[in-house]
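To start, the structure under review is shown below, and the notes come after it.
The values are calculated or read from the model by the stated rules, or taken from the named source; none is laboratory data. The model shown is predicted, which means the values in this text are computed figures rather than measured ones. Positions of Cβ are backbone-derived with ideal geometry, glycine not excepted, and every protein chain shown enters the neighbour counts.
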Amino acid sequence: MSTDAIVILKEDHKTIKKLFREFQNAGENAGAEKGRLVKRIIEELTVHTYLENEVMYPEVRKLLPDLEDDVLESYEEHHVADVLCAELYAMDAGDERFDAKTTVLIENVTHHIDEEEQDWFPQVREGLGRKQLQELGVRMTELREKAPRSPAQPSALKKAVDAVVD
């Protein structure tokens, strides 16, 4: 497996988008399946946004000041996803708003992924280069083991609070 930070993040994106498609294709009366898929989506997004917020965004912000506005926008997009994940985490798949809330999460995260992959990642790759991206990827890989997997874990809650307070 690659240690390039952008490759790692794109692999996460692939996994998340696959789960989104599975949810969208599950069918109208697939409450249990949708509930299982949303639990996985929440776990994947919680880990992914944690790694970006703890490693990728602070380093890019420090090393590539021209991308400051993009990083700030990404923090806000993560915050919206975090709030939706926390709400979905507390919901039952049978709740009348469960599918609608999941759809909003999918739309928001898909927009975020598209922006990162089409606009932001190429700029970061050009600005940081291979060696720095590999160093960031190693840090992200190490941190993944300790990353929160649920919005209710203290490190995930801290991330959500930091987005509002910082």
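Where residues in region 130-152 are under 24 Å from Val38 (Cα atoms) and without any contact (Cβ under 8 Å) to a residue 60 or more places away in the chain, which of them is surrounded by the fewest Cβ atoms within 10 Å (Cβ to Cβ)? Ranking the qualifying residues of region 130-152, first place goes to Glu145.
Just name the residue that is nearest to the chain's Cα centre (by Cα) out of those in region 11-32 that are among the acidic types (Asp, Glu) and surrounded by 15 or more Cβ atoms within 10 Å (Cβ to Cβ). So that I can check it myself, show each step before the final result.
Residues of region 11-32 that are among the acidic types (Asp, Glu), as a first pass: 11-12, 22, 28.
Checking the rest, the ones that are also surrounded by 15 or more Cβ atoms within 10 Å (Cβ to Cβ) come to 12, 22.
On the way: Asp12: 8, Glu22: 18 Å.
Among those that are among the acidic types (Asp, Glu) and surrounded by 15 or more Cβ atoms within 10 Å (Cβ to Cβ), it is Asp12.
Of all residues in region 1-26, those that are under 19 Å from Phe121 (Cβ atoms) and modelled with pLDDT under 95 have Cβ atoms under 7 Å from Cβ atoms of residues that are among the hydroxyl-bearing types (Ser, Thr, Tyr) and buried (at least 16 other Cβ atoms within 10 Å of the Cβ), 6 or more apart or on another chain, in Thr3/Thr141.
Determine which member of the set Arg36, Arg40, Arg61 is without any contact (Cβ under 8 Å) to a residue 40 or more places away in the chain, within 15 Å of the chain's Cα centre (by Cα) and surrounded by fewer than 19 Cβ atoms within 10 Å (Cβ to Cβ).
Working: Arg36 fails: within 15 Å of the chain's Cα centre (by Cα); Arg61 fails: within 15 Å of the chain's Cα centre (by Cα).
Only one candidate passes the filter, namely Arg40.
Per the conditions (1) at pLDDT 95 or above; (2) of a type in the set (A, V, I, L, M); (3) within 27 Å of Ala30 (Cα to Cα), the sole criterion not satisfied by Ala152 is (1). For region 86-129, filtering for residues that are surrounded by 12 or more Cβ atoms within 10 Å (Cβ to Cβ), of a type outside the set (D, E, K, R) and under 19 Å from Gly31 (Cβ atoms) leaves 10.
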